[in-house]
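The structure under discussion appears below in the form of structure tokens.
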Amino acid sequence: MTLDDALDEIYRSYLRARPLVAGRFDRDVRHPEIVWRIALSLDLLPPPSRVIKITGSKGKGTTARFAADLVAQAKPDARVGLFVSPHEIQQTDRIRLDGAPMAADEFCRTVDRISAAVREEEAALPPGQYISPVGYFLLIALDWYRRQGADYLVLECGRGARWDDVGRVASRVAVVTSVLNEHADTLGPTLADFAHDKFSVVGNSEIIVASSG
């Protein structure tokens, strides 16, 4: 499997469903429980005590990177995984371990490892439901972190949290950065809708750190 093959596999399900879901709110078309079921079947879910997740409208990527650095400084013998969205230069750099991005060949092998379980779940989905690309990247990251013996994970949510695959992962700490009127066409339309989405992390996190701005 080449990197292009792997990326085609990741985006295939969404591209197939896109004509049915384009222009609709996440709460109407996103189904993070799909990726949750796959993660459970592959035994990929990490212990919540070792997870920090980040959501918000602005600054969440920077906050995730700072958090991973702080964990690495506080626990110098620990292996720290960092998952961010979107990528910076190439798709594989959204998945990092001890500061280094996942190698392309390892990325491809991991997609090959989990693709059968993903396709089995996808085959049972009704029209309009799909395996989200962010969720697929998350499955790749969790599989790799488990096999590499990562001790702590810092996970950045996508544009939301309640209907985001990363938001479903239970955590010890959840950070909510500033909440603004962004992605009104998918998370809105009101500021209350944004806040309701982002602060859903309260439901599966022990400690909440929130921005006052």
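Observations on the structure shown:
- Any chance G167 is more than 23 Å from D28 (Cβ to Cβ) and either open to solvent by less than 10 Å² (accessible area, probe 1.4 Å) or of a type outside the set (A, V, I, L, M, F, W, C) (or both): no
- Residues (under 16 Å from D165 (Cα atoms), touching a Gly at 6+ places or on another chain (Cβ under 9 Å) and β-branched (V, I, T)) located in the range 36-81: I38, I54, T55
- Matching entry among T186, T177, T110 (being open to solvent by less than 10 Å² (accessible area, probe 1.4 Å) and within 30 Å of A22 (Cα to Cα)): T110
- In the range 1-12, the residues that are hydrophobic (A, V, I, L, M, F, W, C) and either under 13 Å from E122 (Cα atoms) or outside any helix (DSSP H, G or I) (or both): M1, I10
- Of all residues making up the range 175-189, the number that are out of contact with any Phe, Trp or Tyr (no Cβ under 9 Å at 6 or more places or on another chain) and closer than 17 Å to P32 by Cβ: 0
- Tally of residues being aliphatic (A, V, I, L, M), crowded, with 19+ Cβ neighbours inside 10 Å and either out of contact with any helix residue (DSSP H, G or I) (no Cβ under 8 Å at 6 or more places or on another chain) or under 30 Å from G23 (Cβ atoms) (or both) across the range 115-145: 7
- Selection from the range 13-49 of residues that are among the basic types (K, R) and outside any loop (DSSP other than H, G, I, E, B): R16, R18, R27, R37
- Residue list for the range 61-96, restricted to those being open to solvent by 80 Å² or more (accessible area, probe 1.4 Å) and in a loop (DSSP other than H, G, I, E, B): K75, P76, D77, R79, P86, E88, I89, Q90
- Selected residue (criterion: most open to solvent (accessible area, probe 1.4 Å)) from residues of the range 146-158 that are at pLDDT 95 or above and closer than 26 Å to D197 by Cβ: Y152
The values are calculated or read from the model by the stated rules, or taken from the named source; none is laboratory data. Just so you know, these numbers come straight off a predicted model, no measurement behind them. Neighbour counts run over all protein chains shown; Cβ positions are idealised from the backbone, glycine included. Calculation scope for accessible area: heavy atoms of the full protein, side chains included, ligands and nucleic acids excluded. Shrake-Rupley method; radii C 1.70, N 1.55, O 1.52, S 1.80 Å.
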